[in-house]
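In what follows, a structure is listed as structure tokens, so that the remarks can point back to it.
What follows draws every value from the coordinates through simple rules; no lab data is involved. Fair warning: this is a prediction, and the values are worked out from it, not measured in the lab. Positions of Cβ are backbone-derived with ideal geometry, glycine not excepted, and every protein chain shown enters the neighbour counts.
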Amino acid sequence: MQISMTINGTDITEEIEPRVLLVHFIRDQLRLTGTHWGCDTSNCGTCVVLMDGRPVKSCTVLAAMADGHSITTVEGLATGATLDPVQQGFMEEHGLQCGFCTPGMMLTARALLDHNPHPDDGEIREAISGQMCRCTGYATIVRSVQWAAAHPAGQDRMDEMEENAGEEVTA
Amino acid sequence: MQIPASFDYVRASTVDDAISLLERHGPESRVVAGGHSLLPMMKLRLARPEWLIDINELFELDFVLRDANTLRVGAMTRHATLLESPEIARLFPIVADAERVIADPTVRNRGTIGGSLCQADPAEDLSTVCKVLRAEAVIRGPGGERVLSMHDFHKGPYETAVAHNELLVEVRFPIRPHSGSAYEKVERRVGDWAVVAAGAAVSLASDGTIDDVTIGLTAVGIEGTVTEAETLLRGHRPGEELFVAAGRLAALASDPVADQRGPVDYKRHLADELTRRVLRRAAARAGEAQEG
């Protein structure tokens with residue numbers, strides 16, 4: 001069957017088997033491997049993408065169900081070379097160690113801040129409670145999201161980046 | 001890697017379209033709502049429908065509407081919407097109590113009330129909530145609509161009165177004046193199925209006595225509500241002694257199964273303790289409630 005959707009702002013049309021899960025469609029067919037595939041049982045949350053702005057576990061959504069919808073993956077967070085404040089926050093506050101949960105964590109954080117720009121720590125922990133991190137103990141993730149909330153335009157980081165112009169910055 | 005067996009996929013455009021698709025494709029077709037029960041079962045090949053009828057685009061079934069003394073909730077209303085509704089939180093705090101402990105926020109963005117009720121998992125929370133609130137299920141089929149009590153809706157574990165060519169379209173909650181409700185669940189870890197959970201709804205008469213009360217338990221093998229405890233409470237002033245007695249009766253009525261979530265004694269103990277807690281909270285909320 002044929003499906004069409006908007007991925008990170010780009011309209012795509014692809015041929016799929018109906019049984020293909022959204023996570024595999026994104027990773028294997030679109031080659032957007034920033035979305036991770038973890039437990040396969042909708043527990044770990046590393047496969048989280050935004051569907052019409054809401055976090056969903058893409059291992060438990062069929063690609064066919066996303067037909068006509070708008071999907072944002074971690075590759076869609078940055079605008080050109082400018083990182084999303086959430087991505088900057090994860091750098092500033094060391095929100096990751098191994099990085100496996102990070103794409104899902106950052107997308108959930110983005111959706112939370114879009115909905116609630118000034119969450120308290122409890123609200124952040126609640127928002128990410130369907131996602132697992134085995135490295136950070138969550139403390140630095142919460143701080144990273146708070147950094148993004150405090151810097152909605154990512155201003156400080158951008159200033160710093162301008163000062164360090166010429167140095168390569170990687171996410 | 002868990003991948004479902006092959007199937008054909010079709011998206012329903014209206015409720016009537018969904019019903020005619022079910023008729024056309026017969027018993028090997030299944031309706032998928034949020035998909036957070038059915039898709040995992042399909043991935044494990046515990047379910048192998050030949051046709052999957054997707055009703056996620058039926059926005060006509062995604063609503064929360066007040067209609068005189070009834071709150072009407074569309075079957076495709078997501079858990080997240082139920083949890084975010086201030087009207088539901090005010091009229092039926094038991095729904096918000098339960099939604100807060102159903103799976104996790106990401107799963108709640110997809111899962112629906114209709115899907116949960118139709119899945120009819122014995123450890124599912126909203127089935128208990130609907131029984132406690134004396135909700136009615138509106139089912140539509142080729143011949144029109146029928147309205148069933150939750151008692152008639154539930155046929156047993158994983159079994160409901162919804163026939164193959166029918167669709168649950170709406171859940172109706174009667175609004176009662178001076179009433180309060182509460183739900184409490186013990187789980188092994190956040191977002192898990194209940195070890196045991198309890199729900200209660202209390203309505204107070206003008207003299208402060210209990211006019212009406214319902215008590216429901218999740219995952220302890222009780223089909224309906226705990227009528228013995230309800231009878232004991234009705235007509236009396238809410239109070240700790242009564243709640244303790246009601247908890248004891250709830251534990252006696254329970255018939256839990258020992259499993260990885262705990263032994264029988266522990267589950268009975270929870271039925272007792274959680275019944276007391278939800279009665280306390282429901283009665284307190286009923287005392288604070290102004291109107292219906």
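Determine, from the Cβ-Cβ distance of residue B:187 and residue B:24 and an R0 of 56 Å, the FRET efficiency 1/(1 + (r/R0)^6), rounded to the nearest 0.05. Spell out each step's value before the answer.
Details: r = 41 Å, r/R0 = 0.73.
Result of the calculation: an efficiency of 0.85.
Given a Förster distance of 22 Å, report the FRET efficiency between residue A:12 and residue A:39 from their Cβ-Cβ distance, rounded to the nearest 0.05.
On the way: r = 27 Å, r/R0 = 1.22.
Computed FRET efficiency for residue A:12 and residue A:39: 0.25.
Just want to confirm a number: the relative contact order over chain B, from Cα pairs under 8 angstrom separated by 6+ residues, in percent. Write out the running numbers ahead of the final one.
Numbers: 664 pairs, mean separation 46.9, N = 292.
This gives 16 percent for chain B.
Which number do you get for Rg(Cα) / (2.2 N^0.38 Å) in region B:190-231? Mind dumping the intermediate values first?
Values: Rg = 13.1 Å, N = 42, 2.2 N^0.38 = 9.1 Å.
That works out to 1.44 for region B:190-231.
Where does the longest stretch of chain A lie that holds no GluC sites (Glu not before Pro) found in a DSSP loop with 13 or fewer other Cβ atoms within 10 Å? Present the calculation step by step, with values, prior to reporting the outcome.
On the way: sites that count: A:167, A:168.
Answer - A:1-166.
What does the helix-only formula give at 222 nm for chain B: each DSSP H stretch with n ≥ 4 adding -39500 (n - 2.57), the total divided by the residues, and the result rounded to the nearest 500 deg cm²/dmol? Present the calculation step by step, with values, prior to reporting the outcome.
Details: 12 runs with 106 residues, N = 292.
Result for chain B: -10000 deg cm²/dmol, rounded to the nearest 500.
With label points built 7 Å along Cα→Cβ from the Cα atoms of residue B:159 and residue B:284, find their separation and express it in nm.
Label-label distance for residue B:159 and residue B:284, simple model: 4.1 nm.
Taking the alpha-carbon set of region B:1-156, what are its Rg and Dmax in Å?
Radius of gyration, then largest Cα-Cα span, for region B:1-156: 15.7, 50 Å.
If N is the number of residues in region B:1-51, what value comes out of its Cα radius of gyration divided by 2.2 N^0.38 Å? Walk me through the numbers before you get to the answer.
Details: Rg = 11.3 Å, N = 51, 2.2 N^0.38 = 9.8 Å.
Taking the Cα Rg and dividing by 2.2 N^0.38 Å, one obtains 1.15.
Find, among the trypsin sites (Lys or Arg not before Pro) in region B:148-219, those assigned to loop by DSSP (not H, G, I, E, B) with at most 10 other beta-carbon atoms within 10 angstrom.
Working: sites: B:155, B:172, B:185, B:188, B:189; in loops: B:188, B:189.
Passing both the DSSP loop test and the Cβ count: B:189.
Extension gain residue B:69-residue B:260, at 0.36 nm per residue separation less the Cα-Cα distance, in nm? Can you show the working numbers first?
On the way: separation 191, 0.36 × 191 = 68.76 nm, distance 4.24 nm.
The span from residue B:69 to residue B:260 would gain 64.5 nm if fully extended.
In the P(r) worked out for region B:189-292, what percent of Cα pairs fall beyond 18 Å?
Numbers: 2381 of 5356 pairs.
Every Cα pair in region B:189-292 considered, those over 18 Å come to 44 percent.
Computed over the Cα atoms of region B:248-292, what is the ratio Rg over Rh, Rh following Kirkwood?
1.19
For chain B, set up a Gaussian network in which alpha carbons nearer than 10 Å are linked by springs, and say which option among B:154, B:36, B:25 fluctuates the most.
B:25
Using the Kirkwood formula over every pair of different C-alpha atoms, what hydrodynamic radius in Å results for region A:1-63? Each step should come with its number before you reach the end.
On the way: mean 1/r = 0.0845 Å⁻¹.
Averaging 1/r across every pair of different Cα atoms and inverting gives 11.8 Å.
Collect residues whose amide H, placed 1.01 Å from N in the peptide plane, falls under 5 Å from the amide H of residue A:54; neighbours closer than 5 in sequence don't count.
none
What are the extents of the Cα atoms of the protein assembly as shown along their three principal axes, listed from largest to smallest and rounded to whole Å?
79, 52, 44
Could you tell me the extents of region B:74-174's C-alpha atoms along the three principal axes, largest first, rounded to whole Å?
35, 24, 21
Taking the Cα centre of region B:1-115 as origin, work out the dipole magnitude from +1 charges on Lys and Arg Cβ and -1 charges on Asp and Glu Cβ, in debye rounded to 20. Don't skip to the answer; put the middle values down first.
Working: 13 positive and 16 negative charges, 81 e Å.
It comes to approximately 380 debye.
Would you list B:48, B:280 from fewest to most Cβ contacts within 10 Å?
Values: B:48 13, B:280 18.
Least crowded to most crowded, the residues run B:48, B:280.
For chain B, set up a GNM with springs between Cα atoms under 10 Å and report which of B:68, B:103, B:137 has the largest fluctuation.
B:68
Which one, A:13, A:46, A:33, has the greatest fluctuation when you compute a Gaussian network model over chain A with C-alpha springs under 10 angstrom?
A:13
Relative contact order for region A:85-161: what percent, with Cα pairs under 8 Å and sequence separation of 6 or more?
Numbers: 84 pairs, mean separation 39.2, N = 77.
It comes to 51 percent, rounded to a whole number.
In region A:1-99, what trypsin sites (Lys or Arg not before Pro) fall in a loop by DSSP, with at most 14 other Cβ atoms inside 10 Å?
Numbers: sites: A:19, A:27, A:31, A:57; in loops: A:19, A:31.
Here the trypsin sites (Lys or Arg not before Pro) that fit, given the DSSP loop and packing criteria, are A:31.
Quick one: of the DSSP bridges fully inside region B:22-110, what percent are antiparallel, nearest 5? Mind dumping the intermediate values first?
Values: 4 of 8 bridges.
Taking every DSSP beta bridge with both residues in region B:22-110, the antiparallel ones total about 50 percent.
Over 26 Å between Cα atoms, which of B:43/B:185; A:57/B:185; B:155/B:185; A:57/B:155; B:43/B:267; B:43/B:131 qualify?
Details: B:43/B:185 28 Å; A:57/B:185 24 Å; B:155/B:185 23 Å; A:57/B:155 31 Å; B:43/B:267 31 Å; B:43/B:131 31 Å.
Correct reply: B:43/B:185; A:57/B:155; B:43/B:267; B:43/B:131.
For chain A, what does -39500 (n - 2.57) per DSSP helix run (n ≥ 4), summed and divided by total residues, give at 222 nm, in deg cm²/dmol to the nearest 500? Write down the numbers at each step before the final one.
Details: 5 runs with 50 residues, N = 171.
Mean residue ellipticity at 222 nm (helix-derived): -8500 deg cm²/dmol.
In angstroms, what radius of gyration and Dmax does region B:47-122 have, counting Cα atoms only?
Over region B:47-122's Cα set, Rg and Dmax evaluate to 13.4, 43 Å.
Based on the alpha-carbon gyration tensor of chain B, what equivalent-ellipsoid semi-axes (square roots of 5 times the eigenvalues) come out, in whole Å, largest first?
33, 22, 16
For every other residue with a beta carbon closer than 15 angstrom to the beta carbon of residue A:45, add +1 if it is Lys or Arg and -1 if Asp or Glu, then tell me the sum. Provide the component values of the computation, followed by the final result.
Numbers: positive: A:54, A:57, A:110, A:125, A:134, B:108, B:110, B:189; negative: A:40, A:126, B:104, B:192.
Charge balance near residue A:45 sits at +4.
Once you place label points 7 Å from the Cα toward the Cβ at residue B:152 and residue B:234, how far apart are they in nm?
About 2.0 nm, to one decimal.
Any chance you could check the Cα centroid distance between region A:43-98 and region B:199-241 for me, in angstrom?
What the calculation gives is 45 Å, centre to centre.
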